[in-house]
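S.K.: Could you have a look at this structure, given as structure tokens, before my questions?
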Amino acid sequence: MRKFIYQSVVEKLQQEIPEIAHFGLWNNQLTYIEGEVPFELPAVFVEFRTIRWQHQGNGVRDAAVEIVLHTLTEAKAKKPLQFFDLLTDINRALHKHVKVSDYYGHNAFTAIQSTTDHNFGEIRHDIEVFSCNAQDCSAMEKPKKVKATVKILT
């Protein structure tokens, strides 16, 4: 499910905001920036908060899933408040985004928290938290297909 949501978010943001240069999973990249594999800015990293599943029976479970988007931008941009436009574009792109597959699905993302970086050096680190309801049917037993022969009695 997490892989599905991650890929869904990245695909949507790539479609809607092509200027985002890098995506990845959050691993406190700014803490050890010197040892980090280099990445271009702006970058968006996805973090999953703890998921509390509710089982519905027959291998189906659902949960309110919260993701934290860590948006990293250059602090000394040509337009000082341009990072706000990027954050608005991310919200707009995810606000009505719904995705369903054979085993997984999620409804639209809702923004629930924003934290603006007010103590930055060369890189701004702004945080946006989104929530969606997700359903995981990967453990559900699929119906077995049985070949049937039809005899017509006369």
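Read-outs: derived from the displayed coordinates by stated rules, not from any lab. Since the structure is predicted, the reported quantities are computational estimates derived from the model, not experimental observations. Positions of Cβ are generated from backbone atoms using ideal geometry, with glycine treated the same way; all protein chains shown enter the neighbour counts.
S.K.: Which of the numbered conditions does residue 81 fail, given that it passes all the others? Conditions: (1) closer than 23 Å to residue 132 by Cα; (2) surrounded by fewer than 12 Cβ atoms within 10 Å (Cβ to Cβ); (3) of a type in the set (A, V, I, L, M).
M.R.: Here residue 81 clears every test but (1).
S.K.: While we're on this one: Does residue 124 qualify as being in contact with a strand residue (DSSP E or B) (Cβ under 7 Å, 6 or more places away or on another chain), of a type in the set (D, E, K, R) and either surrounded by fewer than 10 Cβ atoms within 10 Å (Cβ to Cβ) or on the phi > 0 side of the Ramachandran plot (or both)?
M.R.: No; evaluated as a whole, the condition is false for this residue.
S.K.: Sticking with this one: Read through the list (1) closer than 15 Å to residue 19 by Cα; (2) surrounded by fewer than 17 Cβ atoms within 10 Å (Cβ to Cβ), then give the number of the only condition that residue 76 fails.
M.R.: Residue 76 satisfies all of (1) closer than 15 Å to residue 19 by Cα; (2) surrounded by fewer than 17 Cβ atoms within 10 Å (Cβ to Cβ) except (1).
S.K.: Next up: Would you check if residue 70 is within 15 Å of the chain's Cα centre (by Cα), surrounded by 13 or more Cβ atoms within 10 Å (Cβ to Cβ) and either of a type in the set (Phe, Trp, Tyr) or in a loop (DSSP other than H, G, I, E, B) (or both)?
M.R.: no
S.K.: Out of region 125-148, which residues are β-branched (Val, Ile, Thr) and outside any loop (DSSP other than H, G, I, E, B)?
M.R.: 127, 129
S.K.: In region 74-124, what residues are among the small types (Gly, Ala, Ser), out of contact with any His (no Cβ under 8 Å at 6 or more places or on another chain), in contact (Cβ under 8 Å) with a residue 12 or more places away in the chain and part of a loop (DSSP other than H, G, I, E, B)? Spell out the reasoning first.
M.R.: Taking region 74-124 and keeping what is among the small types (Gly, Ala, Ser), we get 75, 77, 93, 101, 105, 108, 111, 114, 121.
Okay, now just the ones that are also out of contact with any His (no Cβ under 8 Å at 6 or more places or on another chain), so 75, 77, 93, 101, 105, 114, 121.
Pick out the ones that are also in contact (Cβ under 8 Å) with a residue 12 or more places away in the chain and you get 75, 93, 101, 105, 114, 121.
Scanning region 74-124 gives 75, 101, 121.
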